[in-house]
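For reference, the structure discussed in these notes is given below.
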Amino acid sequence: MTLPIMMMACISHVHPLLTRRTMMTTAFSFSSTNSAITTATRGGIRKQHYPYLTNNSQSLLHAISTTTSSSSEEEVWNRAAEEIDPYSEEAKLNLSNFYKRHNIDSIKDAEKDHKKLLRLTEQVLSWNQRLNLISRKDCTPEVVYHRHILPSIALLPLVLKSSHDTDHNNNNNSQPLKIVDVGTGGGFPGLPLALLLPHCEFTLVDSIQKKLVAVSEMAAELDVENVRIHCGRCEEMYAEREGRMEHLGKYDVCLGRSVTALPRFCAWMYPLLKMQQQEEDGDGEEGRLIYIIGGELEDVVESRIQSDTNLDVLLDREEGTSDKRALIFMANDVEEIAVESGEVDKIVRSAPAGTGKKSKKKKNQQQRTNKVAKGAWQKRDNSVKKERGYDDFQRFEF
């Protein structure tokens, strides 16, 4: 028997590596039954059970009701119906083949990782009922797994493509790979990769606080301890002295997933990457940008691509399943794109605290306050004769 208890709860848990304390109030219900989400299908309404959700996550689930009235939504359901059930043995086998094809099966266990990805799928479905991490119109396990999680996992061999990739997984004394995901949104592609790469350090960046609260809670629920959250704009991470020490030129890899136009994205994040000249100091290799994008690219971008691989090729899927590609750029090329495109000159940053600089706006406001407004009340000067307008008035008595 289900006993729903509606209550307001203040989520005050903060991930151990959270860089900004975040709190959020939300309503959720507890139920004594197994976790289930009601989803709409072409044949009607069906209820799905998710075995990997913990009790805490089960209490966060809500019923989904969607309609499929338009032709575009009909196409969504047709595409979703063709995708493999993420809980099936076939999905597990595909992940195992992906590992073998990219020679990472020796350091990764496909069966364990498949269960981790299913837990993440269920976490996304759970949190998406209260805020839009992804589109709610077609939020099903198949869509979350195949269109959001697998494209993130497709970057795994590209992230590990370095001279010391296996050391990060086998040698605890090696310097961990530092990865920043700019514009992470609902945690893609950073969170799925952090789940499978526990020896790498991930920083997930976004300016929308409520999404980062969800990402932080999902990471805590999945016991992902190599993730920290930064709430704010990327270009302001390295503006102040403390940020320069922590972020400027500190990252081996930067990730992005269709955040904005590539030249603008390069202008935002190129100072975060390690530059080639740092190699002389023994501070590691030149940093790289790995960016997921679809469509045409600008000429200034095309000429500097180091690697261009379709996600369908990386995942060994049928061609045309996705129009997205994974592009790789070296740090110096990223800086050249930012400068040559002119986007680096368009960045507007807040003035660092304590610089003593006053904005032009504040100066104009101060000048306006010194002027007396027209028609304003003023204290009368008694030494000045009153202007009555009838000084020649004479009173006559009858």
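The values are calculated or read from the model by the stated rules, or taken from the named source; none is laboratory data. Nothing here was measured: the structure is a model prediction, and the numbers come from that model. Virtual Cβ from ideal backbone geometry, glycine too; neighbours counted across all protein chains shown. With ligands, DNA and RNA removed, areas are computed over all heavy atoms of the protein, side chains included. Shrake-Rupley method; radii C 1.70, N 1.55, O 1.52, S 1.80 Å.
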*Which condition number does residue 319 fail, the rest of (1) open to solvent by 20 Å² or more (accessible area, probe 1.4 Å); (2) closer than 20 Å to residue 190 by Cα; (3) modelled with pLDDT under 95 being met?*
(2)
*Any residue in the stretch 246-254 that is under 24 Å from residue 329 (Cα atoms) and without any contact (Cβ under 8 Å) to a residue 12 or more places away in the chain?*
yes
*Given the conditions (1) over 21 Å from residue 156 (Cβ atoms); (2) touching a His at 6+ places or on another chain (Cβ under 9 Å), which single one is not true for residue 321?*
(1)
*May I ask you to list pairs of residues, at least six apart or on different chains, whose Cβ atoms are under 8 Å apart, with the first in the stretch 89-110 being in a helix (DSSP H, G or I) and the second being open to solvent by 80 Å² or more (accessible area, probe 1.4 Å)?*
92/111; 94/316; 96/111; 97/316; 98/316; 101/316
*How about the stretch 239-259: which of its residues are in contact with a helix residue (DSSP H, G or I) (Cβ under 8 Å, 6 or more places away or on another chain), of a type outside the set (Gly, Ala, Ser) and surrounded by fewer than 20 Cβ atoms within 10 Å (Cβ to Cβ)?*
248
_Answer from 192, 198 - the residue that is in a loop (DSSP other than H, G, I, E, B), under 23 Å from residue 291 (Cα atoms) and over 9 Å from the mean Cα position of the chain (by Cα)_ = 198
*Limited to the stretch 272-290, what total is found for residues that are surrounded by fewer than 24 Cβ atoms within 10 Å (Cβ to Cβ) and modelled with pLDDT of 90 or more?*
4
*Pick from the stretch 181-203 the residues that are in contact with a Pro (Cβ under 9 Å, 6 or more places away or on another chain) and free of Cβ contacts under 8 Å to residues at least 40 places away in the same chain: which of them is least open to solvent (accessible area, probe 1.4 Å)?*
199
*Can you name every residue in the stretch 214-238 that is open to solvent by less than 10 Å² (accessible area, probe 1.4 Å) and modelled with pLDDT of 95 or more?*
214, 215, 216, 218, 219, 224, 227, 229
_Quick check on the stretch 201-239: of everything there that is part of a loop (DSSP other than H, G, I, E, B) and among the hydroxyl-bearing types (Ser, Thr, Tyr), which residue is farthest from residue 160 (Cα to Cα)?_
207
*How many residues does the stretch 292-315 hold that are open to solvent by 30 Å² or more (accessible area, probe 1.4 Å) and in contact with a Ser or Thr (Cβ under 8 Å, 6 or more places away or on another chain)?*
2
*Return the only residue of 119, 101, 147 being open to solvent by 10 Å² or more (accessible area, probe 1.4 Å), among the charged types (D, E, K, R) and either under 15 Å from residue 215 (Cβ atoms) or in contact with a Pro (Cβ under 6 Å, 6 or more places away or on another chain) (or both).*
119
